[in-house]
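Participant: Take a look at the following structure, please.
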Amino acid sequence: MSEVAATIAIEDFNRLDDEAARGLLQPCVAIPAWATALVQGRPYPDRTALLAAAKEAAQRWGEAELDRALSAHPRIGEKLPEERPHAALSRQEQGAINDEDASLARALKEGNARYEARFGRVFLIRAKGRSGEEILQALTQRLNHDEAEETQVALAQLREITLLRLTGVIGE
Ligand code: 2AL
């Protein structure tokens, strides 16, 4: 089974060679420039400083970064093959969705298809902390957005997912 990255203390992260540090950040988001900026910004005085730098670097993302990052995110309700690098994280994040609920699964599948037809990319939401019903409600509501508005909402969700993953990688 694919493993979720272990937590590393900020002092140890500061001391890793560049490649190892980039490797730790890579499962947070499939945007290499973001990881490179964080690796090059070392050493960080503490974890808070790293998280602030991570947030700031993520503010620069636009539609190209969103499209790139989506290549590593399965649809809501779908699982990546276990050998893919983000598979375990993604399963954990979507863990509150009840797989046994067939009508929910169908509604999410239909919603995903409508979203993709409307916006031309996979529906993305920070799934951690949300039930399947809450995700479905957000999906239905976001279908009413215009394209520019929806791109901003999806980018904000991508930033949330990335920062949450980073807090799981870098400990106190
Ligand atoms: C995901 C995912 O893999 N993790 C998460 O929080 N959201 N996927 C998605 N399509 O929203």
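Each value in this text was obtained by applying a stated rule to the coordinates, not by laboratory testing. Keep in mind it's a predicted model, so treat the numbers as computed, not measured. Note that we place each Cβ from the backbone using ideal geometry, even for glycine, and neighbour counts take in every protein chain shown.
Participant: For K55, list the aspartates and glutamates whose Cα falls under 16 Å from its own Cα; do not include residues on the same chain fewer than 8 positions away.
Facilitator: D46, E65, E160
Participant: State, to one decimal in nm, how far the label point of D99 lies from the label point of L16, with both points 7 Å from Cα in the Cβ direction.
Facilitator: Modelled inter-label distance: 2.9 nm.
Participant: Something else now. Full-extension gain between R118 and T7, please, as 0.36 nm times their residue separation minus the C-alpha to C-alpha distance. Please report the intermediate quantities before stating the final value.
Facilitator: Working: separation 111, 0.36 × 111 = 39.96 nm, distance 3.86 nm.
Working it through step by step, the gained length comes to 36.1 nm.
Participant: Using the Karplus equation 6.51 cos²θ - 1.76 cosθ + 1.60 (θ = phi - 60°), what ³J(HN,Hα) coupling, rounded to whole Hz, does each residue of the range 14-23 give in order, writing x for Gly and Pro?
Facilitator: For the range 14-23, the Karplus curve yields 4, 8, 5, 6, 4, 5, 5, 5, 5, x Hz.
Participant: In percent, what relative contact order does the chain have, based on Cα pairs under 8 Å that are 6 or more apart in sequence? Please list the in-between numbers first.
Facilitator: On the way: 189 pairs, mean separation 56.6, N = 172.
It rounds to 33 percent for the chain.
Participant: Starting from the Cα-Cα distance between K109 and T140, subtract it from 0.36 nm times their residue separation and give me the gain in nm to one decimal.
Facilitator: Numbers: separation 31, 0.36 × 31 = 11.16 nm, distance 1.18 nm.
Using 0.36 nm per residue and subtracting the Cα-Cα distance, I get 10.0 nm.
Participant: For the chain, report the translational diffusion coefficient in µm²/s to the nearest whole number, using Stokes-Einstein at 10 °C, 1.306 mPa s, and a Kirkwood Rh over Cα pairs.
Facilitator: Values: Rh = 16.8 Å.
Rounded to a whole number, D works out at 94 µm²/s.
Participant: Can you compute 3J(HN,Hα) from phi for each residue in the range 122-132, using the Karplus curve 6.51 cos²θ - 1.76 cosθ + 1.60 with θ = phi - 60°, rounded to whole Hz and x for Gly and Pro?
Facilitator: These are the phi-based 3J(HN,Hα) values: 5, 5, 10, 8, 5, 7, 4, x, 10, 7, x Hz.
Participant: If you don't mind, there's one more thing I want to ask. Using θ = phi - 60° and the Karplus form 6.51 cos²θ - 1.76 cosθ + 1.60, what ³J(HN,Hα) does each residue of the range 42-51 get, whole Hz, x for Gly and Pro?
Facilitator: Once θ is set to phi - 60°, the couplings for the range 42-51 become 5, x, 9, x, 7, 5, 4, 5, 5, 5 Hz.
Participant: Here is a further query. Between Q40 and D67, how high is the FRET efficiency from 1/(1 + (r/R0)^6) when r is the Cβ-Cβ distance and R₀ = 30 Å? Nearest 0.05. Mind dumping the intermediate values first?
Facilitator: Working: r = 24 Å, r/R0 = 0.81.
Result of the calculation: an efficiency of 0.80.
Participant: Would you please give the residues with an amide H less than 5 Å from that of I8, counting only those at least 5 places away or on a separate chain, with H modeled from the backbone geometry?
Facilitator: When sequence neighbours closer than 5 places are left aside, the close amide H contacts are I170, G171.
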